[in-house]
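Below: one structure, written as structure tokens.
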Amino acid sequence: MREPIFQPLPDKPDHPGLEQEMLARWDAEGTFAKLREQNRGGPRFSFIDGPVTANRFSLGVHTAWGRTLKDVFQRYKALRGYEQRYQNGFDSQGLWIEVGVERELGLNSKREIEEFGLEEFARRCRDVVVRSSEALTRGSIRLGQWMDWGKDYFTFSDTNIEYVWRMLKVVHERDWLYMGHRSTEWCPRCGTSISQHELIGSYVDRADPSLYVRLPLLDRPGEHLVVWTTTPWTLPANVAAAVNPDAEYGRRKNGEWVASARYPNEELQDRRRGADLVGWTYRGPFDDLIAVDHRVIPWDDVSMNEGTGIVHIAPGCGTEDFELAQVHGLEVVQPVDESGRFYDSFGWLHGLSTTEAAEQIIGNLEEKGALVEAGLHEHRYPECWRCHTPLIFRIADDWFISVRVLRQQMLDANATVEWTPEYMGKRMDDWLRNMGDWNISRRRYYGLPLPFYPCACGHLNVIGSRRELEERAVSGLDQLEELRRPWIDRVPVRCAECGDPAERIKEVGDVWLDAGIVPFSTLGWQNDERVPEGYGTGAARGLTTADLPDRAYWENWFPADWVSEMREQIRLWFYSQLFMSVVLTGQAPFRRVLGYEKMLDETGREMHASWGNTIPAEDAFERMGADVMRWQFAAQPPDRNLLFGFGPADEVKRKLLTFWHSVKFFVDYANVAGFRPAWDGLEPEAAEPLDRWLVERTRAFVADAAAGYERWLAPDVMRDFEAYLDDLSNWYIRRSRRRFWDGHDAAAFATLWYALVQSLRVLAPILPFLTDHLWRVLILDGPESVHLAGWPEVAEPDRGLLGEIAAVRRVVELGRQARSTSGIKLRQPLKQMSVFGAPLAKGHELEIKEELRVKNIRFEQGSVAEVRLKPNLPVIGPRLGPKIPAIRTALERGQFEREDGYVVVEGERLSPDELIRERIPISEGWVVAADGDVSVELDPRLDDELVLEGEAYELIHRVNSLRKEQGLELTDRIVLVVPEALRGLIDVHGDWIEGEVLAVEVKYGEELKLERS
Ligand SMILES: [Zn+2]
Ligand SMILES: [Zn+2]
């Protein structure tokens, strides 16, 4: 047998197998490098990658989603000839990484980290980043993402750190940097404050103690205030009780003061306005531990919806409490230290955590007779997003950047950004309008060292670069391994004001400083000279060979044309980038953003390791393949949550199989026919109407898909592809089978080849493996990879012709529905049909007849078959019971009026849902099917001639099934043996049947069988 022209395809694709094979070929052939070389000097498309946190040791499917979208659009732009940056980024410092290392080492507090040693701790953190970045790179490559692996940026490089320093120095010069003394959400385990953007989404349902506590009034013997709290540990820090000055309060019989509104069924004595209680003094619940004065203060926000209407105020333990303390000059008592444990000054409470203290406090109150009531209270309460410890409030000195001046500038900059989906831009606006000053300091170790050196003389020194640090260092430079704790802490600088040595504050920076500076640090914003492989400094040394570009490069590539991340990045990476870019340049760092919602499991639940419903990307690669994952990701509308899983993957595989079979159909028959296409002759002549239609349909697909990509909406591309695939396989191939089968219709081969090749090019960005695999099957002398073939240039499609065939397909679909209503098999020919409301289909009578196996067809004027109205009994019955027969008759006789969508009959006004609209065929006894303004009527009556023809079709079908079962080749000729009973059928239709089943002879025998001739 001669060598086939096209490599034959198996019945179905082995996705993981062919993907591994493609990876190896891309590697061996240097496909990605060739692509970049090909596009060098082309128009620029600047993409900037948002860094992935390098703290996990395998790629998550969530991350794979984002990476797929990035890759899809970069690949699309590459097909369009754009020169691009392909730099991947790793977020490589901050609490995520610290917490992981702490866990690995079994360290449970900051004290234990310090005992372990900060140098070694820093090395362990770096080690996590190294291992994680290797694993994430492996996973991303397996996913098919084309990036400049090995030239990644790492946010812990000294380069990155220096650029954040520069930004902070600018902020300081503009007087926007300040140290705030305020109450802040605090994680006692991590020992640091939590900033506003870290809090969103961290509220969980919790049951906390609910206490009603009696506070004896000093000048009113026997009388008490009753306050309510859900945080017992804050009671020792109580300094005031707040009342609503406008609400009414009263005294219960037992002497307890409460708000009347909270005790509506009780007889209260001595009712007064809250304002009258203001100034009363009382004994605190723990005056034996700490001596402070306590009094009643007014507060308009005291709610009458819970508690007693009197609120316990502990300024050291709550934001509003702290603000009230400022207003009313109250003492601020801070009961717990950084790790959330009571200070020694709190007597028997000392060393207890806030949770441990709760029980002891409740017991103590009970002993003292101060506890009115204790229970549990369910509420939403914030916890630490990293370690899930419930947060507390502490007063802390944190470093802030004021957003007072920046807010409007950021809003203006955001107005220049094109957001997809659009509402995410509005979310950014909302965030910008409502965010507070940026709390940038964290009391941790493995993070950006804040370059703040306050001097005893009162001057704050802010260092803006490594060079400046070197110039002003007093000592310690020789051991400065990295710009990082602990080394940097040993380098004091000379104060610019007084010349004395000043020490760095111990705090590190919010990780979003690290990520937000990327459009500057990686593009060489303030770099005079390009330094080859110069980016990898400090901790990044040896991990990346990325260049440190120069200012000219930055000017070319900034701002980014496009960035894409999950919606939650609005208040994180998108925000921090925008913030820093507005500070440094006054403009937005990106022109367009594609955001997307969350990933859930296929049943719509959040994915959690502890629920056993997470899917590691490696499993997905093995069980579904990267292309199948990429299809799911690409097809997902970004404004909805993605339900990811193996169920949806099977759905995708089924669709992909249809495409695979279309290619296989071509390959099998083209090998038989000896069809050998040339890349030069890609555009077919297409003289046959059906061929011409497929060419136009393909052009339309290319144009529509391009529009989808240009809108940054891959789901639109996938929707177009599914419609195209349906037209290709269920119309073109099905209707053209015979032309391939008979073997010599070169025009059909050329047309189908064209369609397949062009659709591979359109899909290449989304399904890079499968398309390239099939490309190498179909292309004999063209570009070696679909990824090097460029975007297909096609002429404007003939939309008129496409409209006609769309109408034909609609008529055929309705015809099938009508047949199925009548219960007549599709193989049985029918005599006649009528088509209403589809004038565009009129020129294609022949196709419709063939498809529906109908002898005659009439195209009727008018839009629809007649509609008959009948009363909808279940709806109308209860209302109009006795009148129904009269209404029915009047409707049948057409004795009714239409009025604003209602029907008036027999004096009753009937709404649309009170009526059934029944389509009735115009011709008596015919069956009808309708969709909108198109309808089809079929005559289901059969005569002997039609029945015999139906039997012939039935026989052809059975024989062809047998051919398949017996494994005959497409071209094998047979001798057909039929039972004697079929002699009448063979006498009339013998020649036709022989031709259809490739029989050279018909014989008679016991039963139907066939023999190879
Ligand atoms: Zn924590
Ligand atoms: Zn000084």
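Every number in this text was worked out from the coordinates using simple rules, so none of it is lab data. Small disclaimer: the values here were computed from a predicted structure and weren't measured. In this analysis, Cβ positions are derived from the backbone assuming ideal geometry, glycine residues included, and neighbour counts consider all displayed protein chains.
Quick notes
- Percentage of interatomic Cα-Cα distances in the stretch 685-734 larger than 18 Å: 34 percent
- Greater than 19 Å apart at Cα, pairs in 169/506; 825/1003; 34/77: 825/1003
- Set of the stretch 207-246 residues, backbone N closer than 14 Å to the point 7 Å along the Cα-Cβ line of residue 287: 214-225, 238-241
- The stretch between residue 334 and residue 267, if pulled fully straight at 0.36 nm per residue, gains 20.2 nm over its current Cα-Cα span.
- Under 19 Å from residue 842, Cα to Cα: lysines that are on another chain or at least 8 residues apart: 831, 855
- Positive dipole terminus of the stretch 45-99, leading residue within 52, 72, 96 (C-beta point charges): 72
- Taken one residue at a time, the phi angles of the stretch 556-573 give Karplus couplings (6.51, -1.76, 1.60, θ = phi - 60°) of 6, 10, 10, x, 5, 6, 7, 9, 8, 8, 5, 4, 4, 6, 3, 8, 10, 5 Hz. Gly and Pro are set to x.
- Value of D in µm² per second that Stokes-Einstein yields for the stretch 754-897, Kirkwood Rh from Cα pairs, at 4 °C (1.567 mPa s): 63 µm²/s
- Computed on the stretch 478-584, the Cα convex hull volume stands at 165 Å³ per residue.
- Pairwise label distance in nanometres, residue 868 with residue 555, each label 7 Å out on the Cα-Cβ vector: 8.1 nm
- Placing dummy labels 7 Å off each Cα toward the beta-carbon, the span from residue 1008 to residue 105 is 7.9 nm.
- Distant alpha-carbon pairs in the stretch 694-774 (separation over 19 angstrom), percent: 39 percent
- With the convex hull drawn around the C-alpha atoms of the stretch 273-349, the volume per residue stands at 118 Å³.
- √(5λ) per eigenvalue of the Cα gyration tensor, the stretch 809-880, largest first, Å: 31, 16, 9
- Euclidean distance of C-alpha centroids, the stretch 842-901 and the stretch 970-1003, integer Å: 46 Å
- Rg(Cα)/(2.2 N^0.38 Å) for the stretch 170-269, N = residue count: 1.61
- Between 0 and 90 degrees, the angle of helix 689-710 with respect to the longest Cα principal axis of the chain falls at about 0 degrees.
- With R₀ set to 30 Å, the beta-carbon distance separating residue 429 from residue 465 gives a calculated FRET efficiency near 0.30.
- The peptide list 577-584, 658-665, 563-570, 627-634, put in order of mean Cβ contacts within 10 Å with the highest first, becomes 627-634, 577-584, 563-570, 658-665.
- Against the chain, whose longest principal axis comes from its Cα atoms, helix 95-105 is set at around 80 degrees.
- The stretch 572-627 - Rg over Rh from alpha carbon coordinates, Kirkwood radius: 1.22
- Per-residue ellipticity at 222 nm computed for the chain from its helices equals -12500 deg cm²/dmol, with DSSP H segments shorter than 4 residues left out and the rest contributing -39,500 (n - 2.57).
- The chain - percent relative contact order, Cα under 8 Å, separation 6 or more: 12 percent
- Calculated over the stretch 732-829: convex hull of Cα atoms, volume per residue (Å³): 163 Å³
- Note on residue 813 and residue 591: their simple-model spin labels are 3.9 nm apart, each label 7 Å out from Cα toward Cβ.
- The spacing between the stretch 750-804 and the stretch 609-642, judged by their C-alpha centroids, is 26 Å.
- Over all distinct Cα-Cα pairs of the stretch 619-683, the Kirkwood formula returns a hydrodynamic radius of 14.3 Å.
- Between 0 and 90°, nearest 10: helix 15-29 axis offset from the chain longest Cα axis: 80 degrees
- When only alpha carbons are used to place a centre, the stretch 277-308 and the stretch 714-742 end up 76 Å from one another.
- When only the Cβ of Lys, Arg, Asp and Glu is charged (+1, +1, -1, -1), the dipole of the chain relative to its Cα centre reaches about 660 debye.
- Around the Cα centre of the stretch 58-191, unit charges on the Cβ atoms of Lys, Arg, Asp and Glu (plus for the first two, minus for the last two) sum to a dipole of about 700 debye.
- Cα gyration tensor, the stretch 135-200 - rounded (a/c under 1.5), prolate or oblate: oblate
- The stretch 367-490 - Rg over Rh from alpha carbon coordinates, Kirkwood radius: 1.12
- Listed residue (387, 9, 593) projecting farthest to the positive dipole end of the chain, Cβ model: 9
- Under-5 Å amide H pairs with residue 590, H placed in peptide plane, nonlocal only: 560
- Counted over the stretch 26-107 with a bin width of 10 Å, the fraction of Cα pairs per bin, in whole percents, is 15, 35, 28, 15, 7, 1.
- All Cα pairs of the stretch 533-670, percent lying beyond 23 Å: 60 percent
- Extent along the principal axes, Cα only, for the stretch 213-312: 37, 27, 21 Å, with the longest axis given first.
- For the stretch 627-723, the direction-averaged projected area of the alpha-carbon convex hull comes to 8.0 nm².
- Cα point-scatterer Debye curve for the stretch 852-915, base-10 log of I(q)/I(0) at q = 0.21, 0.22, 0.25, 0.28 Å⁻¹: -0.82, -0.88, -1.10, -1.34
- Kirkwood analysis of the chain, using all unique Cα-Cα pairs, places the hydrodynamic radius at 35.1 Å.
- Diffusion coefficient, µm² s⁻¹, Stokes-Einstein with Kirkwood Rh over alpha-carbon pairs of the stretch 48-178 at 10 °C and 1.306 mPa s: 95 µm²/s
- Straight-distance crosslink candidates among lysines, where the alpha carbon sits under 24 Å from residue 664 and sequence neighbours closer than 8 are dropped: 12, 653, 655, 964
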